[in-house]
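> Questions regarding the structure given below will be posed in turn.
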């Protein structure tokens, strides 16, 4: 099981995957937006999205869990 | 006569403009979004108006709302600052239709210079050297690849409507061009609503050097010398200085007179800047900014001219109070931009500033947007302040800067101060070898070790 964490404080601009989706390592899961900069958050390992912890428009802090992949 | 100005901006530049207005006994009106209600600039103005939610489209880019506030407050003029609506021809026009002075050039000039392809062609006709590249927009990927054969790689692929470093990419081969073309097209359509792109030869080992101009409504144009702004990250400036120690006196004179000539040809009025790329032998037109620039203070420091005051006087239809010979450059000034961001990854770092202490001193100028217990919101640009120093020469200016940065204390969020210190301590920076690839070549490799 892998906890995918935000690496920057900002807003969730786009959620690219759905709960239950299979993702490959390096695949974009969500895109965070802050101060005019978009940062994609990629899966660190292949697996299934067990839980999505955020929705579009949510505010996340650096280190917050975005999704759980297993 | 202008008796009351609405400042259509936020943060440090709103505070900067309000300060000069106060000195000139002009009343000021600040506008703010819900995210900026506790910003120091809001309290500096005589009147302030909440104009909407944090989202820029509903606040700082909301032309109708800003104009209705301007009418309600009965202002004579609007100062747009930089960014937001400052280079929006439609806004300039709308102000004037309402009988409000827009502090800036005509909407025609703004629109021409805002279109990079049009600007390039106008400047070429005005006798300004341009970078070898395509004459107009490229029609397709195939067209781009064909034209690239004549220009030779490496090539810059640029969006005609681009700005702020968005919509441009360097490519080294047909394959890279093909890939970049698609992604750049999507990006520029989304950001600027216009996907036109053109190609320019990538100038290697270039310095970014720009000329500050002032032009009144009677055809008088002067330049206030150059600024060297080569230290950049993500194509945005971090350190700016004046004068440039890279160019010779002869090149300085040539760049100044060509910039003045170009301003005359296009009928420019107000304060503006022509940006150039400069290598060992040549200088080339990059773009023209038809507004006040972030880094204008270094020019003010070496010439003693208050550029905001000059903008207001020009808008009042006054003639320039000086001619070219009367503008003297003295000493050396450096500005650094303080960004709320991680100094290694350059990722934004918004949040609560628990404590802030600014360095003070005779040769130190602070332009800031923050105070103790101020929350830096994630909605706007990461720049939270500028530190400007002046010395009798570059060496002294850098030494004052180093001392000031050591005393600059911001707690609670990450800032790029460690990055700036690392750069100004670098021997290559100190020797003035500040090419635009400095951060990739001499900063990132050092800190990643």
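Every number here is computed from the coordinates shown, using simple stated rules; none is lab data. These numbers come from a predicted model, not from an experiment. Note that each Cβ is placed from the backbone with ideal geometry, even for glycine, and that neighbours are counted across all protein chains shown.
> For segment B:312-392, just the Cα atoms, rotate onto the principal axes and tell me the three extents in Å, largest first.
47, 33, 25
> Normalising by the residue count of chain A, find the relative contact order in percent from Cα pairs under 8 Å and 6+ residues apart.
Working: 176 pairs, mean separation 31.5, N = 70.
Once normalised by length, the contact order is 45 percent.
> Considering all projection directions equally, how large on average is the shadow of the alpha-carbon convex hull of segment B:132-201, in square nanometres? Walk me through the numbers on the way to the answer.
Numbers: hull surface 15.6 nm².
Directional mean of the projected Cα hull area for segment B:132-201 stands at 3.9 nm².
> How large is the translational diffusion coefficient of segment A:2-69 in µm² per second when you combine the Kirkwood radius over alpha carbon pairs with Stokes-Einstein at 20 °C and 1.002 mPa s?
On the way: Rh = 11.5 Å.
The calculation lands on 186 µm²/s.
> Considering the protein assembly as shown, what Rg and Dmax in Å follow from its alpha-carbon atoms?
Spelled out, the Cα radius of gyration and Dmax of the protein assembly as shown are 23.2, 72 Å.
> Show that you can apply the helix-only estimate: for chain B, add -39,500 (n - 2.57) for every DSSP H stretch of four or more residues, divide by all residues, and state [θ] at 222 nm to the nearest 500.
Values: 15 runs with 151 residues, N = 449.
Computed ellipticity for chain B at 222 nm equals -10000 deg cm²/dmol.
> So for chain B, averaging the separation of alpha carbon pairs under 8 Å that are six or more residues apart and normalising by length, what relative contact order in percent results?
14
> Beyond 25 Å, what share of the Cα-Cα pairs of segment B:117-236 is found? Please give it as a whole percent.
Result: 30 percent of Cα pairs exceed 25 Å.
> While we're looking at this one, here's another question. Which value results for Rg/Rh of segment B:231-319 when Rg is the Cα radius of gyration and Rh the Kirkwood radius based on the inverse mean 1/r?
Taking Rh as the inverse mean 1/r over Cα pairs, Rg/Rh reads 0.96.
> Another question, if that's okay. Take peptide B:340-352, look around each residue's Cβ out to 10 angstrom, count Cβ atoms belonging to other protein chains, and average those counts.
Mean inter-chain Cβ contacts per residue within 10 Å come to 4.
> Starting from the Kirkwood radius over alpha-carbon pairs of segment B:207-448, derive D by Stokes-Einstein at 10 °C in a medium of 1.306 mPa s and give it in µm² s⁻¹.
85
> Could you give me the radius of gyration and the Dmax of segment B:1-125, taking only the C-alpha atoms into account and expressing both in angstrom?
14.8, 48
> Moving on to the next point. Which log10 I(q)/I(0) values does chain B give at q = 0.14 Å⁻¹ under the Debye formula, counting every alpha carbon as one identical point scatterer?
Evaluating at q = 0.14 Å⁻¹ gives log10 I(q)/I(0) of -1.54.
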